[in-house]
Amino acid sequence: MRGRPTLAAVTVIGALVLAGCGDSDSGSDSSAAGAELSVGAAYIPQPVSDSMAAGFLTITNKGDAEDELTSVTSEAGDVTVHETVDGTMKEVDRLPVPAHGRLVFKSGGNHLMFEKLKQQLKQGQTVSVELHFAHSGPVTVKLPVKAATYQPTAGHSGH
């Protein structure tokens, strides 16, 4: 991004427009040299714990440059990013969002871990999080709290 502050600003605006509108193409042509991020399939299964929950979503990058998710913040409580490799979960400080690719958080895989929740989450509520990236501006996402048994229609399975 060095030497391209205008392109970086356009990339951030394009990413925010995409995240807010879902299917919008606004800004897609102006950020061809950077990451072009959008977020979908976001949800939290209703937790059985009063103080902990897991969150899932998909970050899509239609741009020509990779980015990295570096942190997640929420007023609901502390949020950490966890990677699952060979059935083992570990907290990580960043995960790549590949150019022309996706970073998927799903049950049994990568996920957001909410801890020290300020209130118990119940089905029908919505939790707002802010995703922070190495190169793109922050993106705010609303995660609806679904039934504990909810399975996304995309065919993700797990427990």
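The values are calculated or read from the model by the stated rules, or taken from the named source; none is laboratory data. Owing to the predicted nature of the structure, the values given are computational and were not obtained by experimental measurement. Neighbour counts are summed over all protein chains in view; Cβ atoms, including those assigned to glycine, are modelled from backbone coordinates with ideal geometry. These accessible areas exclude ligands, DNA and RNA; they are computed on the full protein's heavy atoms, side chains included. Shrake-Rupley method; radii C 1.70, N 1.55, O 1.52, S 1.80 Å.
Tabulated values for the structure
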| read-out | value |
| --- | --- |
| Residues satisfying the stated conditions in the range 117-129, i.e. outside any strand (DSSP E or B) and either open to solvent by 60 Å² or more (accessible area, probe 1.4 Å) or polar (S, T, N, Q) (or both) | K118, Q119, Q120, K122, Q123, G124, Q125 |
| In the range 130-156, the residues that are outside any loop (DSSP other than H, G, I, E, B) and either at pLDDT below 95 or more than 17 Å from F114 (Cα to Cα) (or both) | F133, V139 |
| Members of the range 72-90 that are at positive phi and either surrounded by fewer than 15 Cβ atoms within 10 Å (Cβ to Cβ) or part of a strand (DSSP E or B) (or both) | D86, G87 |
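A quick yes/no check of all residues on (1) more than 23 Å from V48 (Cβ to Cβ); (2) surrounded by 15 or more Cβ atoms within 10 Å (Cβ to Cβ):
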site	(1), (2)
P96	yes, no
A99	yes, yes
G109	no, yes
E115	no, no
Y150	no, yes
T153	yes, no
